[in-house]
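Heads up: the structure comes next, in structure tokens.
No value in this document is a laboratory result; all are computed from the given coordinates. Nothing here was measured: the structure is a model prediction, and the numbers come from that model. Every residue, glycine as well, gets a Cβ built from its backbone with ideal geometry; the counts of neighbours run over all protein chains shown.
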Amino acid sequence: MPVQLNHTIVKTRDSEASARFLTDILGLPEATRFGPFFVVELDNGVSLDFAESDAQIASQHYAFLITETEFDEIFARIRECGLAYWADPGRSRPRAINHRGGGRGLYFEDPNGHFLEILTRPCGCV
């Protein structure tokens, strides 16, 4: 069996609200409860398991490879919610998207400060 990522734990202040934010923005099925976690299943079999923490939350980066159609849908939801977004991880190009690798991409934050990225082409660059 090849090595595959199965799941990762995402630290949050409110695991249910954080999972709902992600599923709402990305248009994914509702998270399911598994013990102390709210689990968001991605289409490639990997899950993000949201867990509450009282400790300081270190910002993590999560990138989601999506289709062009999904980009349009997600980008519309980001704008409808009034979320800040950037074309670059350095946040020097606000309210813009990038076209790396011939696709489209952007960065935005979740309520816990995690840095999320949507991209339509896996170009292997930052």
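Some observations on this one:
- Computed about the Cα centre, the dipole magnitude for the chain is approximately 500 debye when only Lys and Arg (+1) and Asp and Glu (-1) carry charge, each at its Cβ.
- Distant-in-sequence amide H partners of TYR85 (H built 1.01 Å from N, under 5 Å): ARG95
- Dipole of the chain [Lys/Arg +1, Asp/Glu -1 at C-beta], most positive-end residue of GLY103, HIS61, SER92: SER92
- Stretching the chain fully between ASN44 and ARG95 yields a gain of 15.4 nm (0.36 nm per residue, less the alpha carbon separation).
- Along the range 99-113 the Karplus relation, 6.51 cos²θ - 1.76 cosθ + 1.60 evaluated at θ = phi - 60°, assigns HN-Hα couplings of 10, 5, x, x, x, 10, x, 7, 10, 7, 9, 8, x, 9, x Hz to successive residues, with x for each Gly and Pro.
- For the chain, adding -39500 (n - 2.57) for each run of n ≥ 4 DSSP H residues and dividing by the number of residues yields -6000 deg cm²/dmol at 222 nm.
- Phi to ³J(HN,Hα) by Karplus 6.51 cos²θ - 1.76 cosθ + 1.60 over the range 6-22, Hz, x for Gly, Pro: 9, 7, 9, 9, 10, 6, 8, 7, 9, 5, 5, 5, 5, 5, 5, 4, 5
- FRET efficiency, ARG121 to GLU73 (Cβ-Cβ, R0 22 Å, nearest 0.05): 0.80
- Put simply, the Cα atoms of the chain extend 41, 38, 24 Å along their principal axes, the longest span coming first.
- Trypsin sites (Lys or Arg not before Pro) within the range 84-126, DSSP loop, no more than 14 other Cβ atoms inside 10 Å: ARG91, ARG95
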